[in-house]
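What follows is one structure encoded as structure tokens, with my remarks underneath.
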Amino acid sequence: MRLVILVGFILFIFNLRAGAQQFALYNTGTLYDSFENPSQKAFITDSSRHYAFNFFIPAAGVSYGTSGPGLPTIKKALYTGKYDARTLSEEETGLTRISSAENAYLLTFKLFQSVKYHRELGFSWQVRTENYGETTNQTLIVFQDYKRIIDKQLDNQLFDNNMFNTNVYAQSYHQFGFTFRENYNKRLAYGIKLSYLSGIAYSKIKINSSGLNINMETLDYDVYVDGDLRTNFYYDDIEKKMFLPGFKNPGLALSLSGNYKSKRGWYFLANLKDIGFIKWSKDSYMFRDKNYTIGAGMVKDSLWHEIKSKLQKKGYTTLINGKAEILFNKDLGNYQPNLLLSKNLFYKGGDIALVNTYRYKSLNLSLSTDYNLNNFFEVGAQVMMKSPNTEFFLGSDQLFKTMDTQKALINSDETVGNGYSGASFYLGFSLKFGRIMSRPQNDNYIPGVNLKPGAKPGFFQRILGKRQE
């Protein structure tokens, strides 16, 4: 049971620390958009000021979704804090899936380096979490009442040799990024984001094959699994310092981005985003056995101690959740539709999203629909106040599911809502300051000539120059 607590802690607690994908923020020209999609502009020539900063107000997003036959048990655990698998069928062969993400930009700073070629340089510090899991009904049942599975097997009603197959991973890390973007010409722009990664936590359980053996004479039983367990900490090793960035679990990531605007007004954006890895330290743990047997006594008393005794200290390398993305847009005045195709490169999942935005002066209202390749359909909404030097936004990619989840949490009622369970929420703020960056023909500031009122002359001018009356 402690093993379950460990995995549940990572999948749930780490996820609630703050992503998440915020589809309605793509192609908005916000500071957040320019870091997520490095070829995007964050400044408007002749209107925006020199620097953009979030003043340590996080631009944060968090989301999760759960589907499959084990949904009632997952919902009850999330909304009431009680684990109850009594309603699940032992004969079900479908998989229960849970995916979640968190992305919080703690610090974002960008400067408009030059008007020519529209060069921008940026620095960011974000914390990210990526989670995905799939498991069987039999696995969810066995942790509450393993005798139900034994009884079904004795009745010859279970024949699946892979009834306990499970694939769960969770990864959390700091990401320190440097971005550069510029225009190649009037229609084409490109950008790059280089990142240093500092791993916080990683855990993975993957059971490739499994089964249940029963001695019909003695009724003794054992479970056999071919699996892989990796983690960089024990559940009782958690300390505050593991959440701080450092060099113990280093990594690197690269994002490449380009956008193009055709003569007919079509806009295209393409990203290879966050292609990177983390090298977890040699103090991490690994356990792998192609024919590991769990006896009846171990299930009752000492399973965790048995597994813990077999863990070996060993470093390993993991990939972060890189994506390939392409966006199509046609600006129709106040109305702006965006079609986004996003596919995870190294892990399961992806999205097909359509975002419709209506703009009136500084007010932007967006409605999005998204089909997630983990079999979720989502409807989202966003409200944004945006001027050349100020921006504030809040929204959700799963508007109705988030409302259901909020109601379920308040009332501790797992029966609220139909279909899959999900939630997401994000918000952000930034402000620009400094002098306005203008084209030479529009600039009313010339360095060394436009002195501020009361400005004192230079040191040598005060010594050698004539006294001014």
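The table for this structure:
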| quantity | calculated |
| --- | --- |
| Close pairs (7 angstrom Cβ cut-off, 6 or more residues apart or separate chains): under 22 Å from residue 323 (Cβ atoms) and hydrophobic (A, V, I, L, M, F, W, C) in the range 352-370, modelled with pLDDT of 95 or more and open to solvent by 60 Å² or more (accessible area, probe 1.4 Å) anywhere | 352/341; 354/339 |
| Checklist (1) touching a strand residue (DSSP E or B) at 6+ places or on another chain (Cβ under 6 Å); (2) at pLDDT 90 or above; (3) in a loop (DSSP other than H, G, I, E, B) applied to residue 346, failing item | (2) |
| Residue in the range 46-63 that is surrounded by the most Cβ atoms within 10 Å (Cβ to Cβ), counting only those that are hydroxyl-bearing (Ser, Thr, Tyr) and out of contact with any Asp or Glu (no Cβ under 9 Å at 6 or more places or on another chain) | 48 |
| Near pairs, Cβ below 6 angstrom, 6+ apart or cross-chain, from the range 90-103 (under 15 Å from residue 73 (Cα atoms)) to any residue that is of a type in the set (D, E, K, R) | 90/148; 90/152; 95/134; 97/134 |
| Residue check, residue 415 among the β-branched types (Val, Ile, Thr), more than 28 Å from residue 45 (Cβ to Cβ), open to solvent by 60 Å² or more (accessible area, probe 1.4 Å) and out of contact with any helix residue (DSSP H, G or I) (no Cβ under 7 Å at 6 or more places or on another chain) | yes |
| Criterion: loosely packed, with under 14 Cβ neighbours inside 10 Å, over 30 Å from residue 327 (Cα atoms) and not charged (D, E, K, R) - qualifying residue of 244, 229 | 244 |
| Counted residues, the range 389-412 - those being open to solvent by 30 Å² or more (accessible area, probe 1.4 Å) and charged (D, E, K, R) | 3 |
| Selection status of residue 455, open to solvent by less than 90 Å² (accessible area, probe 1.4 Å), at pLDDT 65 or above and aliphatic (A, V, I, L, M) | no |
| Extreme residue, modelled with the lowest pLDDT, among residues of the range 122-157 that are touching a strand residue (DSSP E or B) at 6+ places or on another chain (Cβ under 8 Å) and of a type in the set (Phe, Trp, Tyr) | 132 |
| Long-range neighbours under 9 Å by Cβ, at least six apart or interchain, first residue farther than 30 Å from residue 246 by Cα within the range 159-184, second assigned to a loop (DSSP other than H, G, I, E, B) and open to solvent by 50 Å² or more (accessible area, probe 1.4 Å) | 160/91; 160/93; 163/93; 183/41 |
| Residue count, the range 158-205 (criterion: more than 17 Å from residue 284 (Cα to Cα), modelled with pLDDT under 95, open to solvent by less than 60 Å² (accessible area, probe 1.4 Å) and aromatic (Phe, Trp, Tyr)) | 1 |
| Any hit, the range 110-117, residues being open to solvent by less than 10 Å² (accessible area, probe 1.4 Å), in contact with an Asp or Glu (Cβ under 9 Å, 6 or more places away or on another chain) and within 27 Å of residue 36 (Cβ to Cβ) | yes |
| Of residues in the range 325-334 being part of a strand (DSSP E or B) and modelled with pLDDT under 95, the one farthest from residue 258 (Cα to Cα) | 332 |
| Tabulated pairs, the range 431-445, first within 16 Å of residue 51 (Cα to Cα) and modelled with pLDDT of 95 or more, second open to solvent by 50 Å² or more (accessible area, probe 1.4 Å) and of a type in the set (Val, Ile, Thr), C-beta under 7 angstrom, 6+ apart or interchain | 431/390 |
| Unique match (being at pLDDT 95 or above, within 28 Å of residue 203 (Cβ to Cβ) and open to solvent by 30 Å² or more (accessible area, probe 1.4 Å)) among 78, 107, 95 | 107 |
| Candidate set: the range 348-357, residues that are more than 19 Å from residue 100 (Cα to Cα) and out of contact with any Leu (no Cβ under 6 Å at 6 or more places or on another chain); chosen: the one surrounded by the fewest Cβ atoms within 10 Å (Cβ to Cβ) | 357 |
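Every residue, every condition in (1) open to solvent by 20 Å² or more (accessible area, probe 1.4 Å); (2) over 24 Å from residue 99 (Cβ atoms); (3) among the charged types (D, E, K, R), yes or no:
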residue: 330; (1), (2), (3): yes, yes, yes
residue: 342; (1), (2), (3): no, no, no
residue: 346; (1), (2), (3): yes, no, no
residue: 360; (1), (2), (3): yes, yes, no
residue: 387; (1), (2), (3): yes, yes, no
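The values are calculated or read from the model by the stated rules, or taken from the named source; none is laboratory data. A quick note: this is a predicted structure, and the numbers were derived from the prediction, not measured. Note that we place each Cβ from the backbone using ideal geometry, even for glycine, and neighbour counts take in every protein chain shown. These area figures cover heavy atoms from the full protein model, side chains too; ligands, DNA and RNA do not enter into them. Shrake-Rupley method; radii C 1.70, N 1.55, O 1.52, S 1.80 Å.
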